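The structure appears below as structure tokens.
The values are calculated or read from the model by the stated rules, or taken from the named source; none is laboratory data. Since this is a predicted model, take the numbers as computed values, not measurements. Here the Cβ positions follow ideal geometry from the backbone for every residue, glycine too, while neighbour counts run over all protein chains shown. Please note that ligands, DNA and RNA were not included when accessible areas were found on the heavy atoms of the full protein model with its side chains. Shrake-Rupley method; radii C 1.70, N 1.55, O 1.52, S 1.80 Å.
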Amino acid sequence: MVTGLTREQTYGLVKSYQNLALQVGATTKEIASVATEYVKQGKSIKDSLILTEAAVSAAKVARVSVGDSVNYLTTALNGFQLAASDAMSVSDKFAALAAASATDYDELAIALSKVASQANLAGMSIDYTTALLTKGLETTREAPETMGTALKTIIARMRELGDYGETLEGDADINKVEQQLAYVGIALRDQQGELRSTEDVLDELGKKWDTLNKNQQANVAVALAGTRQ
């Protein structure tokens, strides 16, 4: 019923499910269940098998539930508008960062779920966003939801977006953000008056951070993140 295929065609999928189950060390029932969830999302049979392999493999590596793994990958792929073929690469990024830092696969995935679509709209790549989140989680040991929301707030304040609900504080003022960045020699807009990529602005700020005095650092930090975040 979910696939829209005939009974005979659906039975033909069983062999694919069995082969994939052997490959990733899962049961055929688990594979069929995950594949069905992706088909419900509107994925083709081919893409559902690719996504299922990535989700189930990730669940084994990260020791999270298959359901959580599906949600993590779905949020990341949809947020950054990536194809099904990128699923395994995204999972590998989570695993590699978790192995190289004091954070976990699921912490990073949860944090990213809070900010993925906003980061993409702001011109930030998934690599840059996960790198920021990893360093933030490793340094502060805050809850992943808090870290993802904090980065979302920074993006919102830098781009004067008022549709983020409670993450955007009432004192957000793009003029204040722009002024504080200008004081330290960083432009928030390009020569045409358009907002620059948030990734480019943060990268430029990061390179200058150690050259700023304490007052400059404090003023820029409050302008970008507010007092709560």
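Do we have S85 as farther than 21 Å from A131 by Cα and part of a helix (DSSP H, G or I) here? Don't jump to the end; show me each part of the working.
Details: farther than 21 Å from A131 by Cα: yes; part of a helix (DSSP H, G or I): yes.
Judged against the criteria, S85 is a match.
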* Considering (1) at pLDDT below 90; (2) among the polar types (S, T, N, Q); (3) surrounded by fewer than 23 Cβ atoms within 10 Å (Cβ to Cβ), say which one T153 fails and leave the rest. => (3)
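Any residue at all in the stretch 132-139 that is among the polar types (S, T, N, Q), touching a residue at least 12 places away in the same chain (Cβ under 8 Å) and surrounded by fewer than 19 Cβ atoms within 10 Å (Cβ to Cβ)? Step through it out loud before you land on a result.
Of all residues in the stretch 132-139, those among the polar types (S, T, N, Q) come to 134, 139.
Now restrict to residues that are touching a residue at least 12 places away in the same chain (Cβ under 8 Å): 134.
Subsequent filtering for residues that are surrounded by fewer than 19 Cβ atoms within 10 Å (Cβ to Cβ) retains none.
No: zero hits.
Looking for whichever is under 24 Å from I110 (Cβ atoms), at pLDDT 90 or above, open to solvent by less than 40 Å² (accessible area, probe 1.4 Å) and aliphatic (A, V, I, L, M) here; the options are V34, V64. Which one fits? If you could, list the steps in order and put the result at the bottom.
Numbers: V64 fails: at pLDDT 90 or above.
The match here is V34.
Filter the stretch 103-121 down to the residues that are open to solvent by less than 20 Å² (accessible area, probe 1.4 Å) and either at pLDDT below 90 or within 21 Å of K60 (Cβ to Cβ) (or both), then identify the one that is farthest from the chain's Cα centre (by Cα).
Of the residues in the stretch 103-121, the ones open to solvent by less than 20 Å² (accessible area, probe 1.4 Å) are 103, 105, 108-109, 111-112, 115-116, 119.
When the remaining residues are screened for being either at pLDDT below 90 or within 21 Å of K60 (Cβ to Cβ) (or both), the result is 103, 105, 108-109, 112.
Numbers: T103: 15, Y105: 12, L108: 8, A109: 7, L112: 3 Å.
So, considering only residues that are open to solvent by less than 20 Å² (accessible area, probe 1.4 Å) and either at pLDDT below 90 or within 21 Å of K60 (Cβ to Cβ) (or both), the one farthest from the chain's Cα centre (by Cα) is T103.
So is D47 among the acidic types (D, E), under 15 Å from A109 (Cα atoms) and assigned to a helix (DSSP H, G or I) or not?
Details: among the acidic types (D, E): yes; under 15 Å from A109 (Cα atoms): no; assigned to a helix (DSSP H, G or I): yes.
It is false that D47 is among the acidic types (D, E), under 15 Å from A109 (Cα atoms) and assigned to a helix (DSSP H, G or I).
Listed here are the residues, each with its yes/no results for (1) surrounded by fewer than 24 Cβ atoms within 10 Å (Cβ to Cβ); (2) more than 30 Å from L20 (Cα to Cα); (3) not β-branched (V, I, T).
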site: Y72; (1), (2), (3): no, no, yes
site: M88; (1), (2), (3): yes, no, yes
site: S101; (1), (2), (3): yes, yes, yes
site: M147; (1), (2), (3): no, yes, yes
* Would you mind stating whether S117 is under 19 Å from Q23 (Cα atoms) and among the hydroxyl-bearing types (S, T, Y)? => no
* For the subset of the stretch 175-212 comprising residues that are free of Cβ contacts under 8 Å to residues at least 24 places away in the same chain and of a type in the set (G, A, S), which member is farthest from K135 (Cα to Cα)? -> G193
* Within the stretch 1-31, track down each residue that is open to solvent by 50 Å² or more (accessible area, probe 1.4 Å) and part of a loop (DSSP other than H, G, I, E, B). => M1, V2, G4, L5, T6, G25, T27
* When you go through D210, D190, D171, D203 one by one, which is the residue that is at pLDDT below 85, among the acidic types (D, E) and open to solvent by 40 Å² or more (accessible area, probe 1.4 Å)? -> D171
* Asked: Restricting the search to the stretch 39-54, which residues are closer than 17 Å to Y72 by Cβ and in contact (Cβ under 8 Å) with a residue 40 or more places away in the chain?
  -> K43
